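Below is one structure, written out as structure tokens, with a few remarks after it.
The values are calculated or read from the model by the stated rules, or taken from the named source; none is laboratory data. Being a predicted model, the structure only gives us computed values, none of them experimental. Cβ atoms come from the backbone with ideal geometry, glycine included; neighbour counts cover every protein chain shown.
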Amino acid sequence: MIYLLGIPLSMMNISRQMISVGLLCLATLIAVDKIPNTLKICLIGIITMTAYYFHNTVIVGVVLIIISGILAVGISKKGKLLIGIGLVGYLWSALLYLTNLGFDLMSFFSSNAVLSKYMYATEKTDFILTKSIFVSLFAIVVFTVCIIIGVWGELKNQSFITLFFLAALVVYAFLISSQVLWITERCGSYLLPFIAIGSINIASLLHSKLIKSVVLLGIVTLGVMSFTRTISNNYGEIIPYEGGITYYLNNRN
């Protein structure tokens, strides 16, 4: 899954951000491993600040991880919540594919001082506003997996880290299906490691071998879809500078 999700390709192109991705992943796994203590909190703080030094979009990653953690807590208390999330996800994918709501939300959130250097990306261009049915299908597969786990999954007494992996997958699906393409792809990079290493954990939520096989097939399908899109379209060349930035610069008025 690490290869299928395009992580090695991202490491070769957006290496500075991927260092931040790796550091934040490490900090998160330390945080959710056991009960925090003073030493652990200091270590997490140092790692996160180092990640910020390499790429300040790590702030976005922290927010996404916090949202994933809150969602994991909600799932642990009420597993059927996944059914509602899946149904809402279907509506979300359709709405943002048909409208520019995702772009409007991105413009709003990127207007803060920390991310102001990325305001160039909020200008409306054909590249930014291009919609991808492939991304919508990816999200629909994720939301279908959510419903399956919500109906047949055994969520009681599951480890928090397993539920966190599932929550990260859900948050990633909502994020990229907002259809702001390479921008949400870049933000979503902070969740990719959890999806890659948590695939088996997610499938373990199901006891039926048949249904577990269906979910595993769905997860592998997600990987194949992601890899195919990366190779065939390459996010509009190579993530993202050769494509998005070059396109933007060449089409400015």
Go through 10, 76, 20 for me and flag whichever is modelled with pLDDT under 90, surrounded by fewer than 21 Cβ atoms within 10 Å (Cβ to Cβ) and among the hydroxyl-bearing types (Ser, Thr, Tyr). 76
Checking the structure you have, find out if any residue of segment 52-71 is among the hydroxyl-bearing types (Ser, Thr, Tyr) and either free of Cβ contacts under 8 Å to residues at least 24 places away in the same chain or more than 21 Å from residue 194 (Cβ to Cβ) (or both). yes
If the requirement is being in a helix (DSSP H, G or I), at pLDDT below 90 and surrounded by fewer than 20 Cβ atoms within 10 Å (Cβ to Cβ), which of these qualifies: 131, 117? 117
Here is a check on your reading of the model: is residue 39 without any contact (Cβ under 8 Å) to a residue 60 or more places away in the chain, of a type in the set (A, V, I, L, M) and within 13 Å of residue 191 (Cα to Cα)? no
